[in-house]
Each structure stands twice: as C-alpha cells, then as structure tokens.
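For reference, the structure is listed below as structure tokens.
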Amino acid sequence: MQKTLVVLVYTRTGWDIKNVTALLPLSVLYLARPLSRAGFQPVIIDQRIQPDWAARLAELAPQALLVGISAMTGTQIAWGLKAAAVARQAAPATRIVWGGIHPSLLPEQTARHPLVDFVVRGEGEITLPELAAALAANEAPRHVAGLTWFDGETLVQTPDRPRLADLSEALIPDYGALRVEDYLTTQTLGLRDLAITTSRGCPNGCRYCYNLPYNGRRWRAQPAEQVVEHIAQIVRRFGVQGILIKDDNFYADRRRVEAIAAGLKSRNLAVTIRGECRADYIARHWDEPFLDYLRNNGFREMTVGAESGDDKTLARLGKDITVADIREANRRLGRAGIPTKFTFMTGFPEESEAARRRTIDLMLELTDANPTARLTPLHLYTPYPGTPLFAEAVAAGYRPPADLAEWAAVSFHNLDLPWIDRRLSRKLEKLSVATYFLDRQTVAEYFTGRPLIQWAARLYSRIIRWRARRMFLSCMPETALINFYRQRH
C-alpha cells in the first residue's frame with residue numbers, strides 16, 4: 001500500500017511566543033491544499049507552539065512518504081536540522097525535503113548535507129505534490145521541475161519552475177490543516193488578528209533583499225475581489241478584528257489597494273488592516289485625501305521600511321528613498337491618524353559610527369514627532385547570497401558559511417562580519433535590545449491582557465529612551481535577561 005502521509009515542519013525562529021509573536025506558518029500551510037488535491041495527507045508540525053514536536057515527528061515519520069522542512073537563514077536552519085535528525089533516526093528510509101528562501105538561494109550547498117534528500121527551489125505548490133507522486137510511484141523525479149539533489153556524488157538540478165502566474169487560489173490556505181486559534185495575536189493595534197498574504201515579490205531593487213535573486217523584481221498579486229472575499233471569510237469564521245498582511249510590498253498597486261478598500265466598505269467589514277509600505281509611496285505620491293480614505297476604510301496601521309537615518313547608507317542600499325521621505329511619510333501618516341511601525345537595520349559594510357548615530361536619532365525623532373509611530377528592533381544586516389550587497393560584503397572580506405550547518409549558526413551572536421569586531425558586535429546587540437523598547441508601545445501591545453508585563457515594558461521604555469539619546473548603552477546587564485527570555489520562547 002502506497003504511503004500518502006506528508007509531514008510538513010515549520011521550524012522555530014528564535015522569538016516564538018504562542019498568540020503573541022508566532023504567526024500562521026504560511027510557508028507550509030500554503031502547501032496543504034495542493035497536496036490534499038493530489039491525493040496526499042498533509043500534517044503540519046509547528047516547533048514554535050508544539051512542545052512535543054520531536055515525539056510527534058518521531059511517531060509520524062515512519063508512516064510518512066516524506067518530511068518537508070521550511071527554513072530561512074540562521075535559527076530556522078538550526079531547528080530544521082534538529083527536526084531532520086529526529087526524522088532520520090525514526091525512519092531512515094523516509095525522504096527529507098527542504099524548501100524556503102535559504103535552500104532556494106543555495107540549493108547545491110543545502111543538498112550536500114546528509115540530512116537533506118531533496119531541495120525544492122522556489123515555490124512548492126506544484127513541485128512538492130509532483131515530487132511526492134514520483135516518490136510514491138518509486139520513480140526518480142527527474143521530470144519534476146524545480147528540484148536539486150545528489151544522486152550519489154552526481155549533482156542533479158532539474159530546470160527551474162516558473163513562478164505561479166495565478167495566485168487566485170494559492171494564497172488562500174487550508175485552515176483546516178491546523179488549529180487557527182493557536183495563531184491569533186494582538187499585533188494590529190492590540191486587536192484579535194490573523195496573518196495572511198495577498199501578493200508575492202516586490203518591483204523595487206533594494207540591494208540587500210532576497211527578493212532580487214528569488215523573485216527577480218517581479219510582483220504578483222491576488223485580484224482585489226478575492227482578497228476581500230478571503231478577509232470576509234476569516235472575519236466570519238474566526239471572529240478576527242485585525243488582518244496582518246505579510247506581503248513584501250502590499251501597496252505596490254494603488255488601484256488594487258483602492259479596490260480592496262472599497263470592497264471592505266461595501267461589505268461593511270469592520271476590520272483593521274496592517275501591511276508593509278514604502279516611504280516614497282506615502283511621501284511623494286499619496287495626498288491627505290487618499291490617506292483619509294484608507295483610514296476610513298480599515299487601513300489603520302502601516303509598516304514602513306526606513307532601514308537607516310543616513311542618506312549615503314540609503315543610497316548604497318538601493319532604497320530609492322531619502323531621510324526626508326521618511327520624515328514626510330511620518331508627518332503625513334501622523335496627521336492622517338494612521339499608526340506606523342518603522343523598520344531599521346545596521347551593520348552594513350562601510351557604515352560609520354556617525355551613520356548609526358543618525359539612525360538612532362531618527363528613530364527617536366520619529367516617535368517624538370508622531371506619538372502613534374512605532375519601531376521594530378534594530379536588525380543586523382545579514383548578507384544574502386545572490387544579492388548585489390552580498391558580492392560587496394565578500395569583497396570587503398566576508399567569508400560566507402561553507403555549508404548548511406555553518407549557516408545554522410548565523411545569528412546576532414555569531415555573524416562573522418569582518419567590519420564588525422567583537423566590541424562593536426556587543427554594542428549592536430545592546431542597541432537591538434534597546435530598540436525593542438524605544439517607542440514606548442510595541443512590546444506593551446504584544447502583551448495585551450498582561451498588565452504587569454505591559455507596565456514593566458513602558459517603564460523600561462522611558463529609561464531606554466533617556467539612555468539612547470545619550471548613547472549610554474555600554475552597561476546593560478538586562479540584555480542577558482531579555483535574551484534568556486527570547487531563547488526560552
């Protein structure tokens with residue numbers, strides 16, 4: 001009797017709190033429906049919220065046709081290797097298939113690892129069911145596009161599979177494949193929310209972003225009417241009040257956004273939408289009537305990729321925005337009453353101490369000028385293979401990890417960038433921790449319904465803002481405590 005069970009593992013990210021930061025595992029959830037339609041039985045194991053994930057995987061692996069693992073660079077690879085080791089020990093004959101951004105960018109290197117049997121390059125909605133069918137028929141999958149593996153010592157790479165042209169159904173998950181209640185959070189203005197995506201890719205050319213090699217600056221989207229219908233279904237089915245849109249560039253098509261807003265209004269959907277947007281869209285192309293229209297039709301929170309407070313750094317990153325754009329976007333959004341979360345990065349090659357200082361100053365300035373502005377923690381730049389900035393990092397002396405196990409160790413604590421010495425690394429880690437609390441609100445809102453934690457977070461925020469203005473961050477013993485909490489969750 002042929003096996004039909006396909007186990008899909010979503011790995012830990014390093015900052016995983018159930019109903020707080022752990023969002024829907026969309027990368028594996030999107031695979032459940034096409035697998036079911038092809039006659040297979042998908043089961044999702046989520047390491048972030050299932051403490052017994054290893055026992056569950058060991059139980060299912062012997063019954064499975066394959067175990068699929070989705071991973072991004074760093075922590076997710078480390079936990080993916082742990083899952084693969086459990087599966088291999090429990091069922092040596094069960095194939096282990098890796099997919100996601102990192103394996104797609106470095107398929108040959110990934111496939112060399114002994115705990116990897118196949119790599120799915122790019123989107124897996126068609127490739128994985130076809131691979132499963134070939135394995136079920138005991139056939140070599142050489143006819144399946146988008147695969148990389150080793151046949152003995154011989155590398156096998158089948159032709160690239162074109163990206164999905166039609167996302168009409170691909171971005172509507174099979175919610176029956178998991179318990180949705182486990183993934184409801186309060187990240188959208190403290191409301192009961194759920195994460196979805198409505199598009200893939202980005203037309204812009206940020207030189208550090210995985211989208212350049214992965215999507216080739218191509219942006220694809222669901223039609224507006226299907227987005228509205230999807231939102232209506234999950235509002236009705238799960239009682240959500242907020243929609244957290246995880247697109248790389250939700251606002252790339254203004255007409256589509258207007259159509260979605262009109263659809264939400266026509267169906268009287270009292271739901272709050274939060275999505276990613278570029279500063280130049282807002283500062284250069286969106287007037288106040290349009291922002292008012294968005295706010296009045298549910299678009300009450302945005303995330304804006306600012307990345308730096310230094311114009312030279314922004315130019316090197318290929319952001320095609322200026323600090324003036326960021327300030328103007330903040331002003332317009334503040335006037336429109338749309339709370340905004342700004343993202344920032346640091347640790348770039350040739351980034352000066354003065355440039356970092358300007359970034360911290362801008363973070364403080366934005367929250368001073370706009371009480372509704374929020375900040376994400378300061379992220380450390382990670383060179384992504386295939387991006388223009390990766391080549392520059394290598395030219396500057398960066399030695400990329402040589403295999404999958406080395407990539408698993410990449411983190412804030414272990415990112416070997418030659419332009420960042422140990423002293424600067426410790427300083428940047430403290431800056432990252434400090435910026436979690438810089439806006440007075442973000443961490444507190446994560447813990448809606450936990451008043452003691454909220455009170456402590458707001459008090460700590462006042463202290464951190466005072467210290468950040470003076471860059472008095474050399475002595476931060478609380479960093480160890482916060483990192484311990486993050487590792488526990």
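Assorted remarks:
- Packing-based ranking, highest mean first, of 67-77, 272-282, 390-400, 364-374 given that Cβ atoms within 10 Å are counted: 67-77, 272-282, 364-374, 390-400
- Divide the volume of the convex hull around the Cα atoms of the stretch 277-408 by the residue count and you get 122 Å³ per residue.
- Cα gyration tensor of the chain - equivalent ellipsoid semi-axes, whole Å, descending: 36, 27, 22
- Kirkwood analysis of the Cα pair distances in the stretch 25-115 returns a hydrodynamic radius of 13.6 Å.
- Among the listed pairs Lys18/Lys319; Lys3/Lys246; Lys18/Lys427; Lys18/Lys82; Lys246/Lys427, a Cα-Cα separation exceeding 32 Å is found for Lys18/Lys319; Lys3/Lys246.
- Gained length - Lys18 relative to Trp455, 0.36 nm times residue gap less alpha-carbon distance: 155.3 nm
- Placing a label point 7 Å from the Cα of Asp403 along the Cα-to-Cβ line, the residues of the stretch 112-140 whose backbone N sits under 11 Å from it are 112-115.
- Placing a pseudo-label 7 Å from each Cα along the Cα-to-Cβ vector at Asn268 and Arg426 gives an inter-label distance of 6.2 nm.
- With the simple spin-label model, which puts each label point 7 Å out from Cα in the Cβ direction, the Ala140 to Glu181 separation comes to 5.0 nm.
- Extension gain from Phe238 to Ala58, taking 0.36 nm per residue of separation minus the Cα-Cα distance: 61.6 nm
- Treating r as the C-beta distance of Thr343 and Gln2 and R0 as 51 Å, the FRET efficiency rounds to 0.65.
- Under the Debye formula (equal points on every Cα, no solvent term), log10 I(q)/I(0) of the stretch 105-161 at q = 0.22 Å⁻¹: -0.82
- Sites Arg335 and Glu169 - FRET efficiency at Förster radius 35 Å, r taken between beta-carbons, to 0.05: 0.35
- Put a plus charge on the Cβ of each Lys and Arg, a minus charge on the Cβ of each Asp and Glu, and nothing anywhere else: the dipole of the stretch 175-415 about its Cα centre is then about 640 debye.
- Estimated from the Cβ-Cβ distance and a Förster radius of 25 angstrom, the FRET efficiency linking Glu258 and Ala369 is about 0.35.
- For the chain, share of DSSP beta bridges that run antiparallel, in % to the nearest 5: 20 percent
- Here the Kirkwood formula puts the hydrodynamic radius of the stretch 175-415 at 19.2 Å, using every distinct Cα pair.
- Computed about its Cα centre, the charge dipole of the chain is approximately 1280 debye, with only Lys, Arg, Asp and Glu carrying charge at their Cβ.
- Anisotropy class of the stretch 167-267 from Cα gyration tensor, a/c 1.5 cut: prolate
Quick note: the coordinates plus some simple rules give every number you see, no bench work behind them. Model, not experiment: these values are computed from the prediction. Note that we place each Cβ from the backbone using ideal geometry, even for glycine, and neighbour counts take in every protein chain shown.
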